[in-house]
Amino acid sequence: MEFHLTTRDPFHSDFCRTEGDITQVIYRTICPYKVKNRRGTINKVIPKDPNSSVVNLRDEFERIGEVDFRVFDPSIITFRGKAEGSGTLFRRGKAGWLSLDRIFTGPDGREYRWVLGSVKPTLYVNDEAKTKVAKFNPKGFSARSAPATLVVYPEGEQMVDLIVVMLVYIEIKRRDHHS
């Protein structure tokens, strides 16, 4: 499953799917830049009926998540009405405080690992096989670059909403670290 973003920033963009010649916004993220009290909201399009296809969706949205970024305290991530501190939701990789990786337990009870990298955050199952779950590909700097994309592999299709909410948090943390 691939989403094309309308900007290079997954925290302030529309995530779109295309089928044939029809493109539909599926997620809308809004996170205005603020030094203090920055809040990101993640909204998902509401289908007319639960069995609808991309073509039958309308541009009415429901809020599925929020991220309240904190400078000195853990950020608060809210998903489907449940709020958790980033320090509770995630743990760091083996390098402890030096690690940029973030590990969490998914809705299926398995552990997943966000590997932030210097440019492309990638989500894996946190086991020996390291199965790829999702990958964010940012837009290049050239005007002719391909748009930013979020690719969700079959392993992650049961938790796409959660991946989008976490990407908003992960990408801001990754950029803050590298700036």
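Residues in segment 84-119 that are loosely packed, with under 13 Cβ neighbours inside 10 Å, under 17 Å from the mean Cα position of the chain (by Cα) and without any contact (Cβ under 8 Å) to a residue 60 or more places away in the chain: how many?
2
Residue under question is residue 46, and the condition is that it be surrounded by fewer than 18 Cβ atoms within 10 Å (Cβ to Cβ) and either assigned to a strand (DSSP E or B) or touching a residue at least 12 places away in the same chain (Cβ under 8 Å) (or both); does it hold? Break it down into steps so the answer makes sense when it comes.
Numbers: surrounded by fewer than 18 Cβ atoms within 10 Å (Cβ to Cβ): yes; either assigned to a strand (DSSP E or B) or touching a residue at least 12 places away in the same chain (Cβ under 8 Å) (or both): yes.
Against the criterion (surrounded by fewer than 18 Cβ atoms within 10 Å (Cβ to Cβ) and either assigned to a strand (DSSP E or B) or touching a residue at least 12 places away in the same chain (Cβ under 8 Å) (or both)), residue 46 qualifies.
Out of (1) assigned to a loop (DSSP other than H, G, I, E, B); (2) out of contact with any Asp or Glu (no Cβ under 8 Å at 6 or more places or on another chain); (3) at pLDDT 80 or above; (4) under 17 Å from residue 175 (Cβ atoms), what's the single condition that is false for residue 74?
The one condition residue 74 does not meet is (4).
Please list, ordered by first then second residue, the pairs with beta carbon atoms under 8 Å, 6 or more apart or interchain, first in segment 128-143 and within 17 Å of residue 168 (Cβ to Cβ) and of a type in the set (D, E, K, R), second loosely packed, with under 12 Cβ neighbours inside 10 Å and modelled with pLDDT under 90.
The qualifying pairs are 139/145; 139/146.
With the requirement that a residue be without any contact (Cβ under 8 Å) to a residue 60 or more places away in the chain and surrounded by fewer than 17 Cβ atoms within 10 Å (Cβ to Cβ), what does segment 1-34 give you?
If the condition is that a residue be without any contact (Cβ under 8 Å) to a residue 60 or more places away in the chain and surrounded by fewer than 17 Cβ atoms within 10 Å (Cβ to Cβ), then 18, 19, 20, 21, 22, 23, 30, 32, 33, 34 are the ones that fit.
The values are calculated or read from the model by the stated rules, or taken from the named source; none is laboratory data. In this text the structure is predicted, and so the values were computed from the model without any measurement. Cβ: placed from backbone, ideal geometry, glycine included. Neighbour counts: every protein chain shown.
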